[in-house]
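A short write-up of the structure that comes next.
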Amino acid sequence: MSPESALSAPDPDLFDKIVNLSKRRGFVFQSAEIYGGFRSTYDYGPLGVLLLRNVKDAWWRSMVQLRHDVVGLDASILTPPQVWQASGHLANFSDPLVDCTNCNARHRVDKLDDPDTCPTCGTSGSFTEARDFNLMFKTQAGPVADTAADVFLRPETAQGMFINFANVLNTSRKKPPFGIAQIGKSFRNEITPGNFVFRTREFEQMEMEFFVPPADSQRWYEYWCQTRMDWYLDLGMDPAAIRLREHDAEELAHYSTGTADVEYLFPWGWDELEGIANRGDYDLTQHANASGEKLDYFDQANNERYTPHVIEPAAGATRTAMAFLMAAYDEETVNDDTRTVLRLDPRLAPYKVAVLPLSKKDTLTPTAHEIFDIVKGRWMADYDETQSIGKRYARQDEVGTPFCVTVDFDTLDDRSVTVRERDSRQQDRVAIDRLDGYLAERLA
Ligand code: GAP
């Protein structure tokens with residue numbers, strides 16, 4: 001059996017288990033829940049904000065910190081219409097929408113199994129003509145509500161990199177091949193948001209635009225496809241649950257000579273985590289023409305001026321965080337009980353360490369606080385003294401904490417603690433003086 005077929009039937013309950021765990025343990029809450037909930041928007045709770053931050057940090061580390069050829073950017077979310085005019089979003093960033101005249105439900109016609117039947121009420125032939133619905137959120141800047149003041153919430157972070165190409169080139173002393181990376185919120189008025197945080201109207205992206213000499217673009221495209229796949233694998237994705245799918249000719253944007261999606265095997269099937277595109281010189285040329293500014297590069301060594309081609313790995317941070325949650329979720333039977341454990345890579349785990357005094361007795365508290373002080377400067381740590389130690393281990397397993405440090409009554413005599421590892425449940429007795437080194441060897 002190939003690894004892919006071994007995974008061809010994901011746990012049918014996994015989706016519900018992840019949604020339930022997310023709410024119960026404070027990863028993700030429905031937004032505005034006390035007012036009945038605001039559909040398709042979510043708030044990241046105490047554990048979710050840590051997981052999401054760790055996903056973004058892992059991306060930034062690999063894409064910016066560990067490279068000499070990529071720099072960072074944080075561009076504005078509010079953007080004037082000229083940018084979206086030049087990028088093509090005003091004209092083309094739309095989905096075909098139909099309304100059901102029977103129940104008033106709206107659907108994306110390209111996503112319907114049967115384009116003549118409304119999946120909400122089951123009526124056939126009730127749809128209006130399809131019309132294009134632009135996905136950008138529009139608002140007004142300033143107090144005067146006229147069209148001159150229209151601004152848009154960006155639907156992708158990418159344009160921030162293109163319109164700052166010359167600024168970055170002139171200030172960073174970089175030359176092609178080099179990249180500009182950005183993490184931030186994007187907004188799309190999706191007609192059919194859904195599958196929990198998979199498709200939402202407000203989400204976070206992690207995008208990088210890599211500017212290369214035109215002749216080298218295919219080589220760099222292949223390099224980035226491989227490099228991005230390696231990133232997911234390095235962080236613990238099962239190779240059988242992740243794949244790179246090349247777009248065929250009909251799927252390609254007119255300016256792209258190659259695009260591939262990194263796909264994950266979600267409970268509902270293979271779906272996109274990231275797109276990697278060879279965008280040619282489309283974006284810089286569009287903005288150069290529209291703005292009248294030169295957005296090219298003079299290569300002194302070869303005495304030639306050219307518009308760099310762009311390779312773009314564009315990933316979703318919120319979507320990827322959910323995929324890592326699903327990939328890490330495991331249940332095993334231990335002493336006739338079901339143990340739920342998130343086998344998250346320690347770099348992604350919300351808490352790296354939990355400090356657990358065996359009892360709430362005052363005699364243990366000062367030493368437990370001492371341990372917390374040792375670990376907290378270096379690792380995100382939890383401190384939990386409620387309920388039995390078994391229940392506390394179970395709670396930490398369920399949120400993926402790699403190490404639990406237990407302070408017991410022997411600690412007061414031997415100045416040692418018990419360190420329990422999440423996956424193996426193996427316990428080591430470690431001297432407090434050695435604890436920092438012990439954990440450092442095992443946590444990145
Ligand atoms: N600049 C190219 C670009 O934005 P995209 O494929 O539209 O490409 C990149 O978006 C990634 O952003 C997607 O692969 C996905 O992970 C994430 N993404 C896009 N729309 C999303 C949405 N509505 N909700 C959550 N994530 C989304």
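The values are calculated or read from the model by the stated rules, or taken from the named source; none is laboratory data. Bear in mind the structure is a predicted one, so any value in this text is a computation, not a measurement. All Cβ positions, even for glycine, are placed from backbone atoms using ideal geometry, and neighbour counts span all protein chains on display. The accessibility values were calculated without ligands, DNA or RNA, using every heavy atom of the protein model including side chains. Shrake-Rupley method; radii C 1.70, N 1.55, O 1.52, S 1.80 Å.
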Hits in the stretch 143-162 (condition: more than 13 Å from the ligand (Cβ to nearest atom) and either open to solvent by 60 Å² or more (accessible area, probe 1.4 Å) or part of a strand (DSSP E or B) (or both)): 143, 144, 145, 146, 147, 148, 150, 151, 152
Of all residues in the stretch 204-216 being among the charged types (D, E, K, R) and within 10 Å of the ligand (Cβ to nearest atom), the one that is surrounded by the most Cβ atoms within 10 Å (Cβ to Cβ): 209
Set 76, 62, 22: member being of a type in the set (Ser, Thr, Tyr) and either part of a strand (DSSP E or B) or loosely packed, with under 13 Cβ neighbours inside 10 Å (or both): 76
Filter pass, residue 165 being of a type in the set (Phe, Trp, Tyr), under 20 Å from residue 291 (Cα atoms) and buried (at least 20 other Cβ atoms within 10 Å of the Cβ): yes
Selection status of residue 244, outside any loop (DSSP other than H, G, I, E, B) and surrounded by 21 or more Cβ atoms within 10 Å (Cβ to Cβ): no
Residue within the stretch 327-347 that is open to solvent by 10 Å² or more (accessible area, probe 1.4 Å), farther than 22 Å from residue 382 by Cβ and within 16 Å of the ligand (Cβ to nearest atom) present: yes
Residues being within 26 Å of the chain's Cα centre (by Cα) and either part of a loop (DSSP other than H, G, I, E, B) or charged (D, E, K, R) (or both) - total across the stretch 128-142: 3
Strands (runs of 3 or more DSSP E) fully within the stretch 356-444 counting 2 or more residues that are open to solvent by 30 Å² or more (accessible area, probe 1.4 Å) and within 29 Å of residue 327 (Cβ to Cβ): 381-383, 427-431
Filtered residue count, the stretch 43-87, keeping only those that are small (Gly, Ala, Ser) and farther than 20 Å from residue 201 by Cα: 5
Candidates 201, 219 - the one that is within 15 Å of the ligand (Cβ to nearest atom) and not small (Gly, Ala, Ser): 201
Residue 299 being of a type outside the set (S, T, N, Q), more than 14 Å from the ligand (Cβ to nearest atom) and open to solvent by 10 Å² or more (accessible area, probe 1.4 Å): yes
Out of 314, 288, sole residue that is open to solvent by less than 30 Å² (accessible area, probe 1.4 Å) and within 15 Å of the ligand (Cβ to nearest atom): 314
Every pair of residues 6+ apart whose Cβ atoms lie under 8 Å, when the first sits in the stretch 259-276 and is open to solvent by less than 10 Å² (accessible area, probe 1.4 Å) while the second is within 10 Å of the ligand (Cβ to nearest atom) and not in a strand (DSSP E or B): 266/195; 266/198; 266/323; 273/319; 273/320; 273/323; 274/320
Residues (part of a loop (DSSP other than H, G, I, E, B) and within 21 Å of the chain's Cα centre (by Cα)) located in the stretch 192-224: 192, 193, 195, 196, 197, 198, 200, 201
Residue in the stretch 49-56 that is modelled with pLDDT under 95 and either in contact with a helix residue (DSSP H, G or I) (Cβ under 8 Å, 6 or more places away or on another chain) or within 24 Å of residue 381 (Cα to Cα) (or both) present: no
Answer residue from the stretch 187-198, given it is more than 9 Å from the ligand (Cβ to nearest atom) and in contact with a strand residue (DSSP E or B) (Cβ under 9 Å, 6 or more places away or on another chain) and is most open to solvent (accessible area, probe 1.4 Å) among those: 195
Enumeration of residues in the stretch 108-118 that are closer than 24 Å to residue 271 by Cβ and open to solvent by 90 Å² or more (accessible area, probe 1.4 Å): 111, 113
Criterion: closer than 30 Å to residue 255 by Cβ, out of contact with any Leu (no Cβ under 6 Å at 6 or more places or on another chain) and at pLDDT below 95 - qualifying residue of 73, 78, 90, 97: 97
